[in-house]
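The structure appears below as structure tokens.
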Amino acid sequence: MRKQIAAANWKMNLSLAEAEQLANELLKTDHQLSADQLAIFAVPFPYLLPVKTIFAGKTGVYVAAQNCSAKKNGAYTGEVSAAMLKSIGIEYVLVGHSERREYNHESNAELAEKLNIALENNIKPIFCCGEPLAIRDAATQNDYVSTQLKESLFHLSAAQMNNFIIAYEPIWAIGTGRTASSEQAQEMHANIRRVLEEQYGAAVADSVSILYGGSVKAANAVEIFGQADVDGGLVGGASLVATEFAAIINSLKQ
Ligand code: 13P
């Protein structure tokens with residue numbers, strides 16, 4: 001069975017003291033992770049090690065970076081490389097979040113480079129895709145997301161796609177309180193799996209966890225995660241409240 005995953009994206013929030021408090025509060029919450037379930041916390045760079053230390057020894061709990069450079073190393077002031085992340089024991093990285101695509105002009109081609117360099121360093125990417133509202137209104141979202149996948153992923157081998165994580169985050173549902181309906185989420189997740197199957201075959205397509213992101217909260221997680229092709233969520237705002245995120249972890253399919 002593919003992994004069911006509750007991923008938190010803290011984005012650019014919290015002081016170090018607040019981040020440590022949130023991590024410690026999460027440990028005290030009543031949450032269960034079975035063998036096929038993971039909780040992954042994408043935290044700001046300065047908090048990677050402190051949060052990793054707090055979660056040390058917790059089975060199924062991982063810390064992720066929110067980004068890495070497309071370059072290997074060198075004169076790229078302010079950037080953080082995949083090799084640096086690996087050197088501090090980070091195992092996951094978000095690649096292609098819509099906020100980075102928009103504010104940092106990350107193209108599908110650049111994201112392909114980021115995937116390469118993450119995988120070269122044995123860091124598992126959580127590849128984000130999703131359409132803006134105008135595309136959804138024009139009902140061309142399936143083609144739009146398929147193109148994102150083809151242009152950033154399809155140079156990867158089937159072996160590299162094994163246990164890959166994709167997060168579908170419709171931009172119009174991020175931070176807006178306007179969640180995609182569970183039918184809309186399922187329809188897109190099935191589309192993504194179909195596109196993967198065409199390129200890589202059914203076994204690979206079935207092994208990829210596809211997370212939904214966009215205004216996920218405790219109150220809607222069971223319904224969304226209950227869809228056949230939804231393998232958990234990538235959660236922004238609600239991941240900043242320990243009890244909310246614990247409830248979201250407990251909403252993962254068994
Ligand atoms: P919200 O859960 O705040 O809508 O954010 C979703 C998101 O962008 C997670 O990466």
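No lab work stands behind these numbers, since they all come straight from the coordinates. Owing to the predicted nature of the structure, the values given are computational and were not obtained by experimental measurement. Quick reminder, even Gly has a Cβ in these numbers, built from the backbone with ideal geometry, and neighbours come from all protein chains shown.
Counting every pair of alpha carbons in the stretch 175-239, the share spaced more than 16 Å apart comes to 44 percent. Eigenvalues of the alpha-carbon gyration tensor of the stretch 40-80, scaled by 5 and square-rooted, set the equivalent ellipsoid semi-axes at 25, 10, 8 angstrom, largest first.
When the chain is treated as a GNM with alpha-carbon contacts under 10 Å, the residue of T179, T29, T243 showing the greatest mean-square fluctuation is T29. Taking every Cα-Cα distance in the stretch 1-97 and sorting them into 10 Å bins starting at zero, the pair-distance distribution P(r) comes out as 15, 46, 31, 8, 1 percent. In the chain the Cα-Cα distances spread across 10 Å bins starting at 0 as 7, 34, 39, 18, 2 percent of all pairs. Residues M1, M84, M12, M188 in ascending order of nearby Cβ atoms (within 10 Å, fewest first): M12, M1, M84, M188. Here the convex hull built on the C-alpha positions of the stretch 67-213 has a volume of 114 cubic angstrom per residue. Using the Kirkwood formula on the Cα atoms of the stretch 210-253, what hydrodynamic radius do you get, in angstrom to one decimal? About 10.0 Å, per the Kirkwood formula over Cα pairs. Here the Gaussian network model covers the chain, with springs between Cα atoms less than 10 Å apart; of T140, T77, T59, T77 fluctuates the most.
For the stretch 48-139, lysine pairs separated by 8 or more sequence positions, or belonging to different chains, with Cα-Cα distances below 15 Å total 8. Taken over the alpha carbons of the stretch 45-114 as equal point scatterers, the Debye sum produces base-10 log I(q)/I(0) values at 0.15, 0.17, 0.19, 0.27 Å⁻¹ of -0.54, -0.67, -0.81, -1.26. For the stretch 1-53, the calculated P(r) over all alpha carbon pairs, in 10 Å bins from 0 to the bin holding the longest distance, is 22, 51, 24, 3 percent. Residues within the reach of a label modelled at A158 (point 7 angstrom out along Cα to beta-carbon, backbone nitrogen below 13 Å), restricted to the stretch 175-213, are 197-207. Our compactness index for the stretch 78-141, the C-alpha radius of gyration over the empirical 2.2 N^0.38 Å, is 1.29. The length gained by stretching the chain between K253 and A17 to full extension, at 0.36 nm per residue less their Cα-Cα distance, is 81.7 nm.
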